[in-house]
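The values are calculated or read from the model by the stated rules, or taken from the named source; none is laboratory data. Source: prediction; values computed, not measured. For neighbour counting, all protein chains shown are included, and Cβ atoms are generated from backbone atoms with ideal geometry for every residue, glycine included.
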Amino acid sequence: MMMKGVNDVCKTRHYHMLILNTDNSQKSEDDGIRSLIDHNVDALLINPTGYTSPIYTKLKESRLPIVLIDRQIEHFLFDSVTSNNYDVTYQATDYLIQNNYSRIYFVTENIDSISTRSQRKKQWRMLCARNTCRKSTFF
């Protein structure tokens, strides 16, 4: 839905949106960003892999308008649009606890350097510890 909204706004302003899929690959992300810069795009919306890369130093220096979507990158300040990861994790976990579930599992892909995942894990662990979930497991 977010990309549809972005595309709708771009259309009204006579911009075209290009989408690159990097499959969470740092190399593909770096190559894609370089390619877009070489093609003189007007701005970048990036759902980053989350890994710190020299390409982000280049982006900061380029003064190209950049907005990160859903994730932030450690050591770099870019404008971003994210969900409130603590809030949504609190609501979901609290719902389970309030409905007497005590064996609560947290299943996710690799968390390394992915800000949204690490924030959700932190909130989930805190709630389970506070509410003494009988068994809570992180996968």
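For this structure, a couple of remarks:
Let's see how each residue does on (1) of a type outside the set (Asp, Glu); (2) closer than 20 Å to Met17 by Cα; (3) free of Cβ contacts under 8 Å to residues at least 40 places away in the same chain; (4) assigned to a strand (DSSP E or B):
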{"residue": "Leu36", "(1), (2), (3), (4)": "yes, yes, yes, no"}
{"residue": "Val41", "(1), (2), (3), (4)": "yes, yes, yes, no"}
{"residue": "Leu45", "(1), (2), (3), (4)": "yes, yes, yes, yes"}
{"residue": "Tyr51", "(1), (2), (3), (4)": "yes, no, no, no"}
{"residue": "Ile55", "(1), (2), (3), (4)": "yes, no, yes, no"}
{"residue": "Lys58", "(1), (2), (3), (4)": "yes, no, yes, no"}
{"residue": "Gln72", "(1), (2), (3), (4)": "yes, no, no, no"}
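- In the stretch 61-109, residue nearest to Arg34 (Cα to Cα) [restricted to those that are outside the structural domain of Thr49 (by TED's automatic domain parsing), surrounded by fewer than 10 Cβ atoms within 10 Å (Cβ to Cβ) and not acidic (Asp, Glu)]: Val107
- Selection from the stretch 7-30 of residues that are under 19 Å from the mean Cα position of the chain (by Cα) and over 15 Å from Leu45 (Cβ atoms): Asp23, Asn24, Ser25, Gln26, Lys27, Ser28, Asp30
- For the stretch 22-58, a residue qualifies if it is loosely packed, with under 13 Cβ neighbours inside 10 Å, closer than 23 Å to Asn110 by Cα and modelled with pLDDT under 90, and the qualifying residues are Asp23, Pro54.
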